[in-house]
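See below for the structure under consideration.
The values are calculated or read from the model by the stated rules, or taken from the named source; none is laboratory data. Since the model is a prediction, treat every value here as computed from it, not as a measurement. We place every Cβ from the backbone using ideal geometry, glycine too, and count neighbours over all the protein chains shown.
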Amino acid sequence: MSPTLSAVPAGTAPATRTMMLWCPDWPITAALREHALPADAALALVDRGEVFACSPAARQDGVRRGLRIREAQARSTGLVSLPYDPSLDERTFEPVTAAVETIMPGVQVIRPGLCAVLVKGPSRYYGGEDKAADVVFGTLAAMGLTDVRIGIADGPFAAEQAAKATDQLEDPEAEQLVIIPRGSSPMFLSSYPLEVLELPKLTVLLKRLGIRSLGDFAALKASDVRNRFGLEGAIAHRQASGLDHRNVVARTPPPQLDTVADFEPPLARIDQLAFAFRTRAGEFVDTLREAGLVCTALHVSLHTESGEVSERRWQHPRWFDADDVVDRVRWQLQGTQASDHGLTSGISRVHIVPDIVEDLADHADGLWGTGPDEGIHHGLARVQSMLGHGAVLTAIIAGGRLLADRRVFIPWGDAPSSPAKVPVKDRDQPWPGRLPGPAPATVFADPVPAAVVDSSGNPVDVDSRGLLSADPAFFSTGSDDGRRPVHSWAGPWPINERWWDPKGRVLNRFQLVDQSGSAWLLLLENHSWWVEASYD
Amino acid sequence: MTPPAAGSALEWDEPSSDLEDASRPNFLGRQGTPAADARLDLQARINSMQASKLDSRRMPTVPALARILPGGGLQSGGSYAVRNSTTLAMALLAGPSATGAWCSVIGMPDFSVEAAQGFGINLDRLILVPDPGSQWLTVTAALVDVVSIVLTRAPEHLAPTEWARLKARLRQRGAALVTLGAWKQSDSTLGVAESAWEGLGSGSGHLRARRMKITATQPSGRLRHAYVGLTDLQGTAADDVAFHNSPGPQGLPSGTAPATTPGTLFEPQLMKSS
């Protein structure tokens, strides 16, 4: 016998009177608001190549959930498709929950777009369940949410069905509220099919037994159902009988972890800002620490006086302390990253939002001091605060035809960005134009100009058919003036980069060994010679 | 381990007319030399004695280099200059990196990480600071604190006091400094004296293998050399056993034993390096 069930007094426990607040198509509403699209846009949210949710306009064109994206685009030509982002749903539903919490306590978020409220208190305070629902409608309409449905019934399950029943009413514009009077929830539920239980295995089994509606199921004896179908079946049976044992567990509003600093007058200098923000950064870290958390990634948004916003996500190999936070704000202003744009006016507001927080206990120092890598991190962070975030790098090898492309630098503390990240198995695949033999030890970040001439002093060139005009006899590089005789050479090895792209390059690669025994890798592009690398 | 005794060390000397000959102190003692020369001799002698006390902490080194390096390998707290070859510098980093040490490369934007990986350098533990700007000394000192081996371009000028402080920090932290480019203040200088490539014809083939004659100066000014191939310089995790072996008779540099005839093997292909 399951302890969960034995804890519930069988049969007699009255279900909690519950108000269920439902915003239909919440992912769509969230995406429309986030991307500032018109409400009647044909929008589809795509998850792993299939439509996850679609707006009413798209649904009218025949787009359905589960459709492949190509098929959906064929059905609705003006379809806007965006990737589905579950965190966006949660983020945008948070203000809705907070707004409801200001007018009535005891809100439980079932999932983004659906939340349950204990209706007992509010109905007494506002003078009736319908009046309480009106207050909710009014509050949410002030936030711009008009398509909200409310169902009030005994227990969360019946209330959810009541809220969804608003869809089936003739005039959904007028009726957004369904109230099932106390005690009549079993009758309301009895005509529903078994599918609303969302238990496919049980549904199939019951149908084979000749049970087709919740009313039929509820008519069975509770003890028989428990014996035959176990805990899962017993819970479903209680739901079907309108005796939902689940209670509304009100959430505790989470502590505010983000921090905002406003500057009046706006600050124009980085050192001023760093100084002024230092205390706030300390408070930010302290708040987290009091909550038993550490932050490993955060969002910094900088607002200027003229309304520009610079946003960036920063990660930390360990976790942020106050100085690290100030450093990130400073680096973002210094614009060491290419993605940042220069700001033209003074900073009026700094907003720090913790993006990833982890339990402090997971990051606590060990009893016998800390690992050697911690020392590394502190030393490198010191160099970073001297030279800037992008000055201390680690490297990975990526794909590419030219040697300089194959090396990708990542600032210390950043995760490899997605375009640069090549799966290991792809990295081992031979690239077209891959260099045979040992890799050169020096690869010039900026190619060095060179000159290659034949024995009579004319420049060596390659024609459009890839034929060499003459054998190279002497060459010189930009760094030194001396003409070096060529001892042995090989080439041209054509490299045709992105032939389909007008910006693609056509190059020829040569290996040369001079009389002194040092080897060079030269490139010929558009009749000019460059030193790509040196085997020094 | 102890350095070779003076007598045996003499047999290791390169019998040559190398450029460094002039700066090399003569240990047999010169008759009637001026007092300044005698002082230099004595100073060099003291240096070599001091060095012999410091070789207790040795870093894993690629065997081919361990044979010619003073003290039989990279020393913690030592400084090494590599005259003309990034390849050789990578080989110095390869040994410690293969055993999990952190390495750092400062002020070398053209350092090829792909070649470094080929040498067995662990890229996850390689820190690059391509442009330290005017703060070379501060950055180098900060990294010496945390990593085991630092490769950097030789500084344009470094005041003797600054160098002494950096040196002290190297010893205290047990790190090694490798500079690329000639630098007189380093403990010993390595270089590729001669180099030959195989596999390239005129208009055909591709670079396949390289033979090098590498030289290393002792703190005393003596010169050792060895003939190695490119593959000999590549460190792997398994090599860390080899560096503990003292360079006994079996550890003699391949090119220096008078019985072998390196000239016939390599001379026809070798060309004098710049």
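Restricting A:Gly282, A:Gly292, A:Gly242 to residues that are more than 27 Å from the chain's Cα centre (by Cα) and farther than 30 Å from A:Lys120 by Cβ narrows the list to A:Gly282. When B:His225 is tested against (1) touching a strand residue (DSSP E or B) at 6+ places or on another chain (Cβ under 7 Å); (2) facing chain A (nearest Cβ under 10 Å), just one condition goes unmet, and that condition is (2).
When A:Arg251 is tested against (1) charged (D, E, K, R); (2) in contact with a strand residue (DSSP E or B) (Cβ under 7 Å, 6 or more places away or on another chain); (3) over 23 Å from A:Ile110 (Cβ atoms), exactly one condition is not met: (3). Evaluate the following for A:Val300: is it part of a helix (DSSP H, G or I) and at pLDDT 85 or above? For A:Val300, the condition - part of a helix (DSSP H, G or I) and at pLDDT 85 or above - is not met.
Is one or more of the residues making up region B:199-219 β-branched (Val, Ile, Thr) and at pLDDT 90 or above? Taking every residue of region B:199-219 in turn, at least one turns out to be β-branched (Val, Ile, Thr) and at pLDDT 90 or above. Just one residue in the set B:Ser85, B:Ser76, B:Ser97 is surrounded by 14 or more Cβ atoms within 10 Å (Cβ to Cβ), over 16 Å from B:Ala216 (Cα atoms), within 14 Å of another protein chain (Cβ to nearest Cβ) and at pLDDT 50 or above; that residue is B:Ser97.
Restricting region A:248-271 to residues that are among the aliphatic types (A, V, I, L, M) and either touching a Cys at 6+ places or on another chain (Cβ under 6 Å) or assigned to a loop (DSSP other than H, G, I, E, B) (or both), the residue that is surrounded by the most Cβ atoms within 10 Å (Cβ to Cβ) is A:Val248. Looking across region A:100-126 at every residue that is part of a helix (DSSP H, G or I) and out of contact with any strand residue (DSSP E or B) (no Cβ under 7 Å at 6 or more places or on another chain), the one that is surrounded by the fewest Cβ atoms within 10 Å (Cβ to Cβ) is identified as A:Thr102. Residues that are among the small types (Gly, Ala, Ser), touching a helix residue (DSSP H, G or I) at 6+ places or on another chain (Cβ under 9 Å) and not in a strand (DSSP E or B) are absent from region B:176-196 altogether. Considering B:Val139, B:Val129, which residue is at the interface with chain A (Cβ under 10 Å from one of its Cβ atoms), touching a residue at least 12 places away in the same chain (Cβ under 8 Å), over 27 Å from B:Leu233 (Cβ atoms) and buried (at least 22 other Cβ atoms within 10 Å of the Cβ)? The unique qualifying residue is B:Val139. Only a single item in (1) closer than 21 Å to A:Ala250 by Cβ; (2) among the charged types (D, E, K, R); (3) more than 29 Å from the chain's Cα centre (by Cα); (4) surrounded by fewer than 20 Cβ atoms within 10 Å (Cβ to Cβ) is not met by A:Glu94, and it is number (3). Checked against the criterion of being in contact with a Lys or Arg (Cβ under 6 Å, 6 or more places away or on another chain) and part of a loop (DSSP other than H, G, I, E, B), region A:234-247 has at least one qualifying residue. Criterion applied to A:Leu293, A:Leu343, A:Leu333 was being more than 22 Å from A:Leu393 (Cβ to Cβ), at pLDDT 80 or above and surrounded by 15 or more Cβ atoms within 10 Å (Cβ to Cβ), and the one residue passing it is A:Leu293. Any residue at all in region A:209-228 that's of a type in the set (A, V, I, L, M), under 28 Å from A:Lys120 (Cβ atoms) and assigned to a strand (DSSP E or B)? No, the conditions are met nowhere in region A:209-228. Go through region A:495-528 and report how many residues are of a type in the set (Gly, Ala, Ser) and touching a residue at least 24 places away in the same chain (Cβ under 8 Å). Of the residues in region A:495-528, 4 are of a type in the set (Gly, Ala, Ser) and touching a residue at least 24 places away in the same chain (Cβ under 8 Å). Of the listed requirements (1) exposed (fewer than 15 other Cβ atoms within 10 Å of the Cβ); (2) within 11 Å of chain B (Cβ to nearest Cβ); (3) in contact with a strand residue (DSSP E or B) (Cβ under 6 Å, 6 or more places away or on another chain); (4) of a type outside the set (D, E, K, R), A:Leu512 misses just one: (1). Just to be sure I understand, how many residues within region A:351-383 are modelled with pLDDT of 70 or more, of a type in the set (Gly, Ala, Ser) and farther than 23 Å from A:Pro411 by Cβ? The total comes to 1. Here region B:154-181 is the region considered, the condition is being more than 14 Å from every other protein chain (Cβ to nearest Cβ) and under 13 Å from the mean Cα position of the chain (by Cα), and the residue that is farthest from B:Asp131 (Cα to Cα) is B:Ala176.
Kindly provide the set of residues from region B:190-212 that are closer than 19 Å to B:Val178 by Cα and more than 9 Å from chain A (Cβ to nearest Cβ), ordered by number. Within region B:190-212, B:Leu190, B:Gly191, B:Ala193 qualify. Being part of a loop (DSSP other than H, G, I, E, B) and at pLDDT 90 or above: is that true of B:Ile127 here? Taking the combined requirement at face value, the residue does not satisfy it. Within region B:189-212, the set of residues being closer than 28 Å to B:Gly72 by Cα and either surrounded by 23 or more Cβ atoms within 10 Å (Cβ to Cβ) or among the basic types (Lys, Arg) (or both) comprises B:Leu190, B:Ser195, B:Trp197, B:Arg210, B:Arg211, B:Met212. Does A:Val531 satisfy the criteria of being buried (at least 16 other Cβ atoms within 10 Å of the Cβ), out of contact with any Asp or Glu (no Cβ under 7 Å at 6 or more places or on another chain) and without any contact (Cβ under 8 Å) to a residue 60 or more places away in the chain? No: the conditions fail for A:Val531. A:Leu467 passes every criterion in (1) without any contact (Cβ under 8 Å) to a residue 12 or more places away in the chain; (2) within 11 Å of chain B (Cβ to nearest Cβ); (3) within 17 Å of A:Leu507 (Cβ to Cβ) apart from (2). In this structure, is B:Leu151 under 20 Å from the mean Cα position of the chain (by Cα), closer than 27 Å to A:His378 by Cβ, assigned to a strand (DSSP E or B) and at pLDDT 90 or above? When the stated conditions are applied, B:Leu151 passes them.
Residues that are surrounded by 14 or more Cβ atoms within 10 Å (Cβ to Cβ), modelled with pLDDT of 80 or more, within 10 Å of chain B (Cβ to nearest Cβ) and in a loop (DSSP other than H, G, I, E, B): does region A:424-437 have at least one? Yes, that holds for at least one residue.
The set of residues in region B:108-119 that are surrounded by 21 or more Cβ atoms within 10 Å (Cβ to Cβ) and not in a helix (DSSP H, G or I) comprises B:Phe111, B:Ser112, B:Phe119. Of all residues in region A:306-323, those being assigned to a loop (DSSP other than H, G, I, E, B) and small (Gly, Ala, Ser) number 2.
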